[in-house]
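Have a look at the structure below before the remarks.
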Amino acid sequence: MVLWLIAVVIAVVGVVQILQGQLLFGLLLLVVACAVGPGGYSVFNRRGA
């Protein structure tokens with residue numbers, strides 16, 4: 001649940017950055033949100049667990 005909330009916050013900030021014209025930083029934040037979120041590949045998951 002906490003990872004999902006963090007991912008949502010990062011994604012919202014990424015979209016705001018894109019709307020403000022900072023395309024690269026916004027896309028980077030969206031990729032990070034996908035990596036952190038539990039729906040995608042989470043960087044916090046341990047292998048073999």
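Quick note: the coordinates plus some simple rules give every number you see, no bench work behind them. No experiment lies behind these values; they were computed from the predicted model shown. All Cβ positions, even for glycine, are placed from backbone atoms using ideal geometry, and neighbour counts span all protein chains on display.
Table for the structure above
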quantity: Calculated from backbone phi, Karplus (6.51, -1.76, 1.60) coupling profile of segment 25-33 in Hz, x at Gly/Pro; calculated: 5, x, 5, 4, 5, 5, 5, 5, 4
quantity: Label-point separation, Cys34 to Met1 (7 Å along Cα→Cβ), nm; calculated: 2.8 nm
quantity: Cβ crowding within 10 Å averaged over residues, with 5-15, 21-31 ranked highest first; calculated: 5-15, 21-31
